[in-house]
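Below: the structure, in structure tokens.
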Amino acid sequence: LCLDPGHGGSDSGTYTYYSSQNGLYEKYYNLKIAQYCKQELEKYANVKVYLTRYDDTDLDLKERAQIASDYGASYLISFHLNGLNGTNRGAVIFYPNTNYRPDLSEDGKVVAQSVLNELTALGIQSMGIRTNTIDGHDEKYDYPDGSEGDYYGVIRHAKNLGITGLIIEHCFADNKADFGAFLS
């Protein structure tokens, strides 16, 4: 497994308003969540877990997928926190669309649902699992076979390398209840 703490370096992600440290950026929470998850997953036999970044580093989306490929990972799981208007709550997980490599889509769907089940068992509200479609066809996202690609680059680049990519939006960092229950 390759866990990807989303954002990093000059890309801070969303901002939390409720931190005791006068707010922190998403990139720091994503790294901490990935570190905890790595520690937990390494308890399982025959599971190797790597991170795309171990500190506050700038990485583009293609680099993240290449790091996963270089490690020989079967999965690239990108960790994020949502933010919108302070009222939305819950977790959503994105998995690959069925174009180009439908096997990776099916695999991703199963893993996404399993992860979401674990998050909801912790009390996080479910916003479901879904693919990430492009609003209107854009050739720059196409897969090598000409089919419409996934919008999210980490998933698209992972699929191009034969890796199942997922994006986990754990909760809403700008929602006081989500922050208090899951991030504080």
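The values are calculated or read from the model by the stated rules, or taken from the named source; none is laboratory data. Computed from a predicted structure; not experimentally measured. Here the Cβ positions follow ideal geometry from the backbone for every residue, glycine too, while neighbour counts run over all protein chains shown. In case anyone asks, the SASA skips ligands and DNA or RNA and just uses the protein heavy atoms, side chains included. Shrake-Rupley method; radii C 1.70, N 1.55, O 1.52, S 1.80 Å.
Inter-label distance, GLN35 to ALA121: 2.5 nm, where each label sits 7 Å from its Cα along the C-beta direction.
Take every Cα pair under 8 Å whose residues are at least 6 apart in sequence, average their separation, divide by the length of the range 91-176, and the relative contact order is 41 percent.
Element breakdown for the chain at a 1.4 angstrom probe: carbon and sulfur atoms account for 47% of the accessible area. Compute the acute angle (0 to 90°) between the alpha-carbon long axis of helix 61-71 and the principal axis of greatest extent of the alpha-carbon atoms of the chain; round to the nearest 10°. Between helix and principal axis, roughly 80 degrees. Using a cutoff of 8 angstrom between alpha carbon atoms and counting only pairs six or more residues apart, the relative contact order for the chain works out to 29 percent.
Hey, got a sec? Which chymotrypsin sites (Phe, Trp or Tyr not before Pro) in the range 123-180 land in a DSSP loop and have at most 16 other Cβ atoms within 10 Å? Show your work: numbers first, answer last.
Numbers: sites: TYR141, TYR151, TYR152, PHE172, PHE179; in loops: TYR151, TYR152.
The qualifying sites are TYR151.
A 21 angstrom limit on the alpha carbon distance is what I want to check against. Which of LYS109/LYS176; LYS43/LYS109; LYS27/LYS159; LYS62/LYS140 exceed it? Listed pairs above 21 Å: LYS109/LYS176; LYS43/LYS109; LYS27/LYS159.
Figure the gain on full extension for ARG130 and LEU161 (residue separation times 0.36 nm, minus the Cα-Cα span) and round it to one decimal in nm.
Details: separation 31, 0.36 × 31 = 11.16 nm, distance 2.09 nm.
Taking ARG130 through LEU161 to full extension adds about 9.1 nm, to one decimal.
What share of the DSSP beta bridges in the range 57-184 is antiparallel, in percent to the nearest 5? Looking only at bridges with both residues in the range 57-184, the antiparallel portion is about 25 percent.
Computed from Cα atoms, the angle from the helix 26-41 axis to the main principal axis of the chain rounds to 70 degrees.
For the chain, what is the calculated [θ] at 222 nm in deg cm²/dmol (nearest 500), taking -39500 (n - 2.57) for each run of four or more DSSP H residues and dividing by its residue count? Value at 222 nm, helices only, nearest 500: -10500 deg cm²/dmol. A simple count of charges around ARG101, restricted to other residues whose Cβ falls under 15 Å of its Cβ and scoring Lys, Arg +1 and Asp, Glu -1, yields -4.
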